[in-house]
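Colleague: Below is a structure I'd like to ask you about.
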Amino acid sequence: MSKIEEKKKNKQDALLASAFKLFTEKGINNTSISEIVKNAKMAKGTFYLYFKDKYDIRDRLITHKADKIFENAYADLEKCECKTLEECILFIVDNIVDQLSCNQSLLKFISKNLSWAIFSNLRIGQLDNKSCMDIFDDIIESSGRKFRDVNMMVFMIVELVNSTCYNVILYSSPVSLEQLKPDLHNCICDIVSRFEICSEPKVV
């Protein structure tokens, strides 16, 4: 990377860090571009060299933060000894949930803004720019099992985890995260089972 490119990246990173801090403290609606650049110690014109508006920087932040979370989870999965498809999916879910439990401001930001469209198109730079769905497809292919409508199956798992874990992580309501996990695991396994295409029994 040249010095000019490095300087540009540093400015962009500083704007992203400033926006994340303000968005998580004040909310996007109560944060102005003027505040973002002031906090980053830059001129307002610099902002528009990198982003169209505050919603553009929000979307870039979501992608960047979610990329990193999923990248960490997948890197840890590669080191573990999960054997079945269910074990792999549950490992990824637990890893992501635990990361968010340790960073609750990130949980609030992502859960309010992460749409299925953004999640399904996340690209993991450290994994040859694969999307999250590419990774799930690889895991499913490695299992040797067949499923109908994989996108719908993953969508239901993502929505289940997102909707059940938010209050549990932030407020331990209605139960703690550790109390939730066994039932969450059972529900995820049930979703996987319902989407699996079972082989036809051989006629003897």
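The values are calculated or read from the model by the stated rules, or taken from the named source; none is laboratory data. Here the structure is a predicted model, which means the values were calculated and not measured. Quick reminder, even Gly has a Cβ in these numbers, built from the backbone with ideal geometry, and neighbours come from all protein chains shown.
Colleague: Show the residue pairs that are 6+ apart or on different chains and have beta-carbon atoms under 7 Å apart, the first residue being within the stretch 78-99 and under 17 Å from Glu196 (Cα atoms), the second being outside any helix (DSSP H, G or I).
Modeller: Leu85/Arg145; Cys88/Cys82
Colleague: Return yes or no: is Asn129 of a type outside the set (Asp, Glu), at pLDDT below 85 and on the phi > 0 side of the Ramachandran plot? Can you show your working first?
Modeller: Numbers: of a type outside the set (Asp, Glu): yes; at pLDDT below 85: yes; on the phi > 0 side of the Ramachandran plot: yes.
So Asn129 fits the description; yes.
Colleague: Within the stretch 14-55, count every residue that is charged (D, E, K, R) and either more than 28 Å from Leu107 (Cβ to Cβ) or surrounded by fewer than 13 Cβ atoms within 10 Å (Cβ to Cβ) (or both). Steps first, please.
Modeller: So the first thing to find is which residues in the stretch 14-55 are charged (D, E, K, R), and the list is 21, 25-26, 35, 38, 41, 44, 52-54.
Imposing the further condition that a residue be either more than 28 Å from Leu107 (Cβ to Cβ) or surrounded by fewer than 13 Cβ atoms within 10 Å (Cβ to Cβ) (or both) reduces the set to 25-26, 41, 44, 52-53.
Residues meeting the conditions: 6.
Colleague: Another one. Could you tell me whether the stretch 191-199 includes any residue that is at pLDDT below 90 and in a loop (DSSP other than H, G, I, E, B)?
Modeller: Going residue by residue through the stretch 191-199, those that are at pLDDT below 90 are 198-199.
This time we only want the ones that are in a loop (DSSP other than H, G, I, E, B), so: 198-199.
Among the residues of the stretch 191-199, at least one is at pLDDT below 90 and in a loop (DSSP other than H, G, I, E, B), which makes the answer yes.
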